[in-house]
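K.L.:
Following this message is one structure expressed as structure tokens.
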Amino acid sequence: MNWIVFSITAYVFFALQAGLEPAWAVGDATPNLLLILAVFVGVSARKPAVPWAMLVVGVLLDLIPGPIKDQGAILGPHAVGYLVGGYAVLQLRNLLFRESTVTVVLMVF
């Protein structure tokens, strides 16, 4: 995994997630671009890089302010959740064929 490309992509997705959240919300649901990036990295990166990438994505999500005004950032809930999710993806990715684009798309979906 190229960490420079990952960092740039994570930053762009973080900016889109934080900046466009009110614009593309459908009711209470909003797309989570960082989750898509995390699962893609979990499926395609080497095993030692996945937990670190999940930790970075989780901390970025923890930095997005919550719906309550003047709420500070609480570091930890998303980071721990993404670490557990990364572990689950690492366990499940042995079941799919990484050479097949269809199975990678289905896993990310």
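The values are calculated or read from the model by the stated rules, or taken from the named source; none is laboratory data. These figures come from a predicted structure and were not determined experimentally. Every residue, glycine among them, receives a Cβ derived from its backbone with ideal geometry; neighbour counts consider all protein chains shown. When the accessible area is computed, the model is the full protein with side chains, heavy atoms only, and any ligands, DNA or RNA have been set aside. Shrake-Rupley method; radii C 1.70, N 1.55, O 1.52, S 1.80 Å.
K.L.:
Need pairs with beta-carbon distance below 7 Å; first residue at pLDDT 85 or above and within the range 76-98, second not in a helix (DSSP H, G or I); sequence gap 6+ or separate chains.
P.N.:
Pairs found: LEU90/LYS47.
K.L.:
Can you confirm whether ASN2 is open to solvent by less than 70 Å² (accessible area, probe 1.4 Å) and polar (S, T, N, Q)?
P.N.:
no
K.L.:
Within the set of pairs 6 or more residues apart or between chains, which connect a residue that is more than 20 Å from VAL12 (Cα to Cα) and open to solvent by less than 60 Å² (accessible area, probe 1.4 Å) inside the range 47-58 to a residue that is hydroxyl-bearing (Ser, Thr, Tyr) and in a helix (DSSP H, G or I) with Cβ atoms less than 8 Å apart?
P.N.:
PRO51/TYR87
K.L.:
Then there is this: Filter the range 88-109 for residues that are part of a loop (DSSP other than H, G, I, E, B) and either open to solvent by 90 Å² or more (accessible area, probe 1.4 Å) or among the polar types (S, T, N, Q) (or both) and give the result.
P.N.:
Across the range 88-109, the qualifying residues are PHE97, ARG98, GLU99, SER100, PHE109.
K.L.:
Name the single residue, out of those in the range 59-75 being modelled with pLDDT of 80 or more and open to solvent by 50 Å² or more (accessible area, probe 1.4 Å), that is nearest to PHE6 (Cα to Cα).
P.N.:
Across the range 59-75, the extreme among qualifying residues is VAL59.
K.L.:
Hey, another quick one. Can you tell me which residue is least open to solvent (accessible area, probe 1.4 Å) among those in the range 11-46 that are over 22 Å from LEU92 (Cβ atoms), of a type outside the set (Val, Ile, Thr) and in a helix (DSSP H, G or I)?
P.N.:
Here the residue is GLN17.
Quick grid of which residues meet (1) under 12 Å from the mean Cα position of the chain (by Cα); (2) of a type in the set (Phe, Trp, Tyr):
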| site | (1), (2) |
| --- | --- |
| ALA23 | no, no |
| PHE40 | yes, yes |
| PRO51 | yes, no |
| LEU55 | yes, no |
| PRO65 | no, no |
| HIS78 | yes, no |
| GLY86 | yes, no |
| LEU92 | no, no |
| LEU106 | no, no |
